[in-house]
1. If you add up the charges near Ser42, with Lys and Arg at +1 and Asp and Glu at -1, over every other residue whose beta carbon is less than 14 angstrom from its beta carbon, what do you get?
2. If you place +1 on the Cβ of every Lys and Arg and -1 on the Cβ of every Asp and Glu, how big does the dipole about the Cα centre of the range 42-90 come out, in debye to the nearest 20?
3. Need the full-extension length gain, Ile65 to Glu48, defined as separation in residues times 0.36 nm minus the C-alpha distance. One decimal, nm.
4. Measuring from label point to label point, each 7 Å out along Cα→Cβ, what is the Gln23 to Leu4 span in nm?
5. If Lys and Arg each add +1 and Asp and Glu each add -1, what is the summed charge of the other residues whose beta carbon sits under 15 Å from the beta carbon of Ile83?
Amino acid sequence: MPRLFLALIMLCLPFGAIAENLQIPLGEQGAATVALPQHGESQRSVLERFGLADEEHRAVGSPPISRWDYREFSVYFEYDHVINSVRHHQPRTSYPAKEQP
């Protein structure tokens, strides 16, 4: 039994040496120049400052949580007050469109 355990450990050791680290810049999402709605702000206030949302998702759950999607960010509401605002990811590099023959 100890030999089997030792053999398994010896087989698994090389796998740790080939691991890679991924770096994802989550803090650099979206344009920092966009002022987001603040926690506690009312739906009416958000509507007055930013206009109609591109898409409004109906409330779900208890307490009811709804979401308004704008071009650059989304706003989450509990009842009719902001609980969070999130910038949408904006890719830094653009890839050229494939040329069609």
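1. Working: positive: Arg44, Arg49; negative: Glu41, Glu48, Glu78, Asp80.
Spelling it out: positives minus negatives among the neighbours equals -2.
2. Working: 6 positive and 8 negative charges, 16 e Å.
The dipole magnitude comes to about 80 debye.
3. Numbers: separation 17, 0.36 × 17 = 6.12 nm, distance 2.03 nm.
That pair, Ile65 and Glu48, stretches by 4.1 nm at full extension.
4. Simple spin-label model gives 4.5 nm for this pair.
5. Working: positive: Arg67; negative: Glu41, Glu78, Asp80.
Taking every Cβ under 15 Å from that of Ile83, the sum is -2.
Every read-out reported here was derived from the displayed coordinates using simple, explicitly stated rules and does not represent laboratory data. All values derive from a computational prediction rather than experimental measurement. Because the Cβ atoms are built from the backbone with ideal geometry, glycine has one as well, and the counts that use them run over all protein chains shown.
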